[in-house]
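**Student:** For reference, the structure I am asking about is given below.
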């Protein structure tokens, strides 16, 4: 008789690529940052800080560093006085947006027609 196992087997390769993707964009603040950069385009640090209600300086800085390290956000520093730093989505980050948009439709139960 075959022994029953309770272990769940992921159909994906290990590590699971979907799990890896979700870890890049997961958490309380990263989606808000991505949404702000997608809707409003390139922004300075303080603009993001003002727009994302409740985020702390430390959490915004950490989230932006992680998104930059993952190739989702780019940071451009200008050699000016006072210093100016701008953040924007990379092409890789922009490619993520249609996927997230479709996921939002799925989450709300709305039909997705691909037009919006």
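**Student:** Right, residue 100: touching a residue at least 60 places away in the same chain (Cβ under 8 Å) and under 18 Å from the mean Cα position of the chain (by Cα) or not?
**Tutor:** Answer is yes for this residue.
**Student:** Another question about this same structure. Quick check on my filter: what residues within region 1-17 are at pLDDT 65 or above and exposed (fewer than 11 other Cβ atoms within 10 Å of the Cβ)?
**Tutor:** The answer is 11, 14, 15.
**Student:** Anything in region 36-65 that is surrounded by fewer than 12 Cβ atoms within 10 Å (Cβ to Cβ), touching a helix residue (DSSP H, G or I) at 6+ places or on another chain (Cβ under 8 Å) and touching a residue at least 12 places away in the same chain (Cβ under 8 Å)? List them, or say none.
**Tutor:** Selection gives nothing.
**Student:** Surrounded by 16 or more Cβ atoms within 10 Å (Cβ to Cβ) and in a loop (DSSP other than H, G, I, E, B): does that describe residue 33?
**Tutor:** no
**Student:** Mind checking whether some residue in region 66-75 is out of contact with any helix residue (DSSP H, G or I) (no Cβ under 8 Å at 6 or more places or on another chain), modelled with pLDDT of 95 or more and either part of a helix (DSSP H, G or I) or surrounded by fewer than 15 Cβ atoms within 10 Å (Cβ to Cβ) (or both)?
**Tutor:** Yes, because at least one residue in region 66-75 is out of contact with any helix residue (DSSP H, G or I) (no Cβ under 8 Å at 6 or more places or on another chain), modelled with pLDDT of 95 or more and either part of a helix (DSSP H, G or I) or surrounded by fewer than 15 Cβ atoms within 10 Å (Cβ to Cβ) (or both).
The values are calculated or read from the model by the stated rules, or taken from the named source; none is laboratory data. Not measured: the values here are computed from a predicted model. We place every Cβ from the backbone using ideal geometry, glycine too, and count neighbours over all the protein chains shown.
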